[in-house]
Each structure stands twice: as structure tokens, then as C-alpha cells.
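Chemist: Please see the structure below; I have some questions.
Bear in mind that the values in this text are calculations on the coordinates, not laboratory data. Since we're looking at a predicted model, the values are computed, not measured. FYI the Cβ positions are ideal-geometry reconstructions off the backbone, even for glycines, and counts take in every protein chain you see.
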Amino acid sequence: ILTVAKKDKNENLSAKALDIFDKSTTPAEKLNIIREGLKLSSKLNEWADKLPKWKEKLFTLQPDQQNLLAKDFWLAVLQKKPELLSTIRKEKPDYFELLWETLGTVEVPTLHQDTAIELERIVKDAVISQPLNLKGVEVYLQKFDSKEVRKHINAQLDKADTCKAYVEHMKAVGYPDGKISTMAIAKLQEILADFSNLD
């Protein structure tokens with residue numbers, strides 16, 4: 001019914017859903033209201049316009065409830081409001097890491113046209129962050145295979161020790177044969193081909 005409803009009807013209903021959430025006193029009911037709101041936000045623009053408010057409501061829930069809604073939340077953000085990605089990364093870095101599982105399962109054509117650009121900025125920053133946290137970068141590369149991000153990673157792989165650290169890190173996070181490991185191994189072989197780097 002909502003997918004064929006007029007714009008103003010959906011705007012009113014999305015505002016009403018937020019109001020019902022605020023008036024609810026039952027944790028299970030609050031969880032269900034947000035879940036339905038997020039699902040509709042990933043499909044309908046009038047509901048997606050309220051995603052910043054749904055984000056605020058989401059983070060008023062208990063952590064286990066927040067985690068239960070992670071897939072619905074990230075799907076809505078990736079499909080309708082990718083500009084929220086960097087904000088959430090700053091405000092809720094641990095919750096942001098739950099994004100990668102959803103990104104790994106979603107089809108690229110269903111994503112908002114700005115999602116790849118927003119994520120590229122984030123992963124380029126992640127590449128130079130310490131300690132290493134490249135799981136998301138690997139998921140991004142498997143989904144988009146950006147030449148710009150590959151170039152950025154290659155720039156970091158300037159020493160044998162760095163290459164080795166990348167390979168060990170990717171093994172630890174579950175991607176021993178992923179794109180980043182392949183790049184680090186290739187660069188390591190190139191470095192070791194020079195006799196002066198034998199030690």
C-alpha cells in the first residue's frame with residue numbers, strides 16, 4: 001500500500017511512526033517500530049528523508065537491539081543516505097564496523113549512486129590508519145575494485161616489513177587470499193627481488 005501511496009501520505013506516516021516510537025514504553029515494540037521504519041526507508045524516499053532521525057532513535061536502544069537492526073539500518077543508509085556513513089564512523093566507530101557484512105551481501109546496482117564515492121573516502125583513510133584495520137577495505141575492493149584505492153594501498157607497501165604486516169593482518173581478519181594480500185605478496189616479491197633487500 002505504501003509503495004503506491006502519495007508522497008504526502010508517506011511523509012505523514014513516517015512522521016507518525018517516529019511519534020509512536022517516542023510514545024512507546026515497551027522495548028520490543030520500539031525495536032519493531034524502528035525495524036519497520038528502516039525497511040521502509042530503504043525503499044521509499046519519504047521514509048529515507050527521516051533516516052537521520054531513525055539513526056538517533058536507533059542509538060537510544062540497548063546495544064544488543066542496535067546490533068539486531070544493523071543490517072536493516074546499513075541497507076537503508078547504503079541505498080538511500082550514504083552521506084550518513086562518515087558521520088556514523090566518527091560518532092559510533094564500533095557500530096560502523098558492522099557495515100561491512102551488509103555491504104558484502106548487497107548488489108551494487110541497488111546502492112545509491114554516491115555510495116561508492118563516500119566509501120572510497122572512508123577506505124582511503126582506513127588504509128593509512130594505525131593500527132591496521134583493513135577488513136572493510138577488503139570488502140570494499142571485492143565489491144568495487146577501485147583503481148584509486150589500489151593505488152593508495154600500493155603507496156603504503158613501500159617496505160618488506162610493511163608488506164609482511166599487511167599479509168599477516170589480512171590472514172588474521174580472514175582474508176588470506178584476498179585482494180590486499182595478493183597486492184602485498186606481489187609487492188614483497190618485487191622488493192625481495194632486489195639483492196640489497198635480501199636480509
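Chemist: I need to check one value: relative contact order of region 111-199, counting alpha carbon pairs closer than 8 Å and at least 6 residues apart, in percent.
Modeler: Details: 71 pairs, mean separation 21.7, N = 89.
For region 111-199, the relative contact order is 24 percent.
Chemist: Label 7 Å along Cα→Cβ of Lys92; region 30-49 residues with amide nitrogen under 17 Å?
Modeler: 30-42, 48-49
Chemist: Shifting gears a bit: Helix 135-144 sits at what angle to the longest principal axis of the chain, using alpha carbons and giving 0 to 90 degrees rounded to 10?
Modeler: 80 degrees
Chemist: In region 114-199, which chymotrypsin sites (Phe, Trp or Tyr not before Pro) are in a loop and have at most 11 other Cβ atoms within 10 Å, using DSSP for the loop call?
Modeler: Details: sites: Tyr140, Phe144, Tyr166, Phe195; in loops: none.
Qualifying residues, ordered by number: none.
Chemist: Let me check against my output: what whole-number percent is the relative contact order of the chain, with C-alpha pairs under 8 Å and at least 6 apart? Could you put the intermediate results ahead of the total?
Modeler: Working: 186 pairs, mean separation 25.0, N = 199.
Relative contact order of the chain: 13 percent.
Chemist: Could you give the angle, 0 to 90 degrees to the nearest 10, between helix 27-41's Cα long axis and the longest principal axis of the Cα atoms of the chain?
Modeler: So the inclination is approximately 70 degrees.
Chemist: Moving on to the next point. Determine how many Å³ per residue the convex hull of the Cα atoms of region 53-142 encloses. Provide the component values of the computation, followed by the final result.
Modeler: Working: hull volume 8.4 nm³, N = 90.
That works out to 93 Å³ per residue.
Chemist: Using the basic label-point model (7 angstrom from Cα toward the beta carbon), what is the Asp161 to Asn67 distance in nanometres?
Modeler: Here the modelled spin labels are 3.6 nm apart.
Chemist: Using label points projected 7 Å from each Cα along Cα→Cβ, tell me how many nm separate Lys16 and Gln142, to one decimal.
Modeler: In this crude label model, Lys16 to Gln142 measures out at 4.2 nm.
Chemist: Among the GluC sites (Glu not before Pro) within region 86-118, which fall in a DSSP loop and have no more than 14 other Cβ atoms within 10 Å of their own Cβ?
Modeler: Working: sites: Glu91, Glu97, Glu101, Glu107, Glu118; in loops: Glu97, Glu107.
Answer by residue number: Glu97, Glu107.
Chemist: Of Lys57/Lys179; Lys39/Lys143; Lys50/Lys90; Lys9/Lys53; Lys90/Lys147; Lys92/Lys187, which sit over 28 Å apart, Cα to Cα? Working shown, then result.
Modeler: Values: Lys57/Lys179 37 Å; Lys39/Lys143 23 Å; Lys50/Lys90 20 Å; Lys9/Lys53 18 Å; Lys90/Lys147 26 Å; Lys92/Lys187 34 Å.
Result: Lys57/Lys179; Lys92/Lys187 exceed 28 Å.
Chemist: Also: Quick check: residue separation of Gln130 and Thr60 times 0.36 nm, minus the Cα distance between them. What number comes out in nm? Numbers along the way, then the final one.
Modeler: Numbers: separation 70, 0.36 × 70 = 25.20 nm, distance 3.01 nm.
So the chain would gain 22.2 nm between Gln130 and Thr60.
Chemist: Out of region 1-96, which trypsin sites (Lys or Arg not before Pro) are coil in DSSP terms and have no more than 10 other C-beta atoms within 10 Å?
Modeler: Numbers: sites: Lys6, Lys7, Lys9, Lys16, Lys23, Lys30, Arg35, Lys39, Lys43, Lys50, Lys53, Lys55, Lys57, Lys71, Lys80, Arg89, Lys90; in loops: Lys6, Lys43, Lys50.
Hits after loop and neighbour filter: Lys6.
Chemist: In a Gaussian network model over the chain where Cα atoms closer than 10 Å are linked, find which of Ala28, Ala116, Ala76 has the largest mean-square fluctuation.
Modeler: Ala28
Chemist: Once you wrap a convex hull around the alpha carbon atoms of the chain, what is its projected area averaged over all directions, in nm²? Present the calculation step by step, with values, prior to reporting the outcome.
Modeler: On the way: hull surface 49.9 nm².
With the hull built on Cα positions only, its mean projection is 12.5 nm².
Chemist: In region 137-199, what is the volume of the convex hull around the alpha carbon atoms, normalised per residue and reported in Å³?
Modeler: Numbers: hull volume 4.6 nm³, N = 63.
That works out to 72 Å³ per residue.
Chemist: While we're here: Checking the cross-link filter: which aspartates and glutamates have an alpha carbon closer than 18 Å to that of Lys135, excluding same-chain neighbours under 8 positions apart?
Modeler: Within the straight-line cut-off, Lys135 pairs with Asp94, Glu97, Glu101, Glu118, Glu120, Asp125, Asp145, Glu148, Glu168, Asp177.
Chemist: Considering only His169, Val77, Leu157, whose Cα is most displaced toward the positive end of the charge dipole of region 55-199, charges sitting on Cβ of Lys, Arg (+1) and Asp, Glu (-1)?
Modeler: Value: Val77.
Chemist: Give the angle, between 0 and 90 degrees and rounded to the nearest 10, that separates the Cα long axis of helix 179-192 from the longest principal axis of the Cα atoms of the chain.
Modeler: Between the helix axis and the principal axis of the chain, the angle is about 20 degrees.
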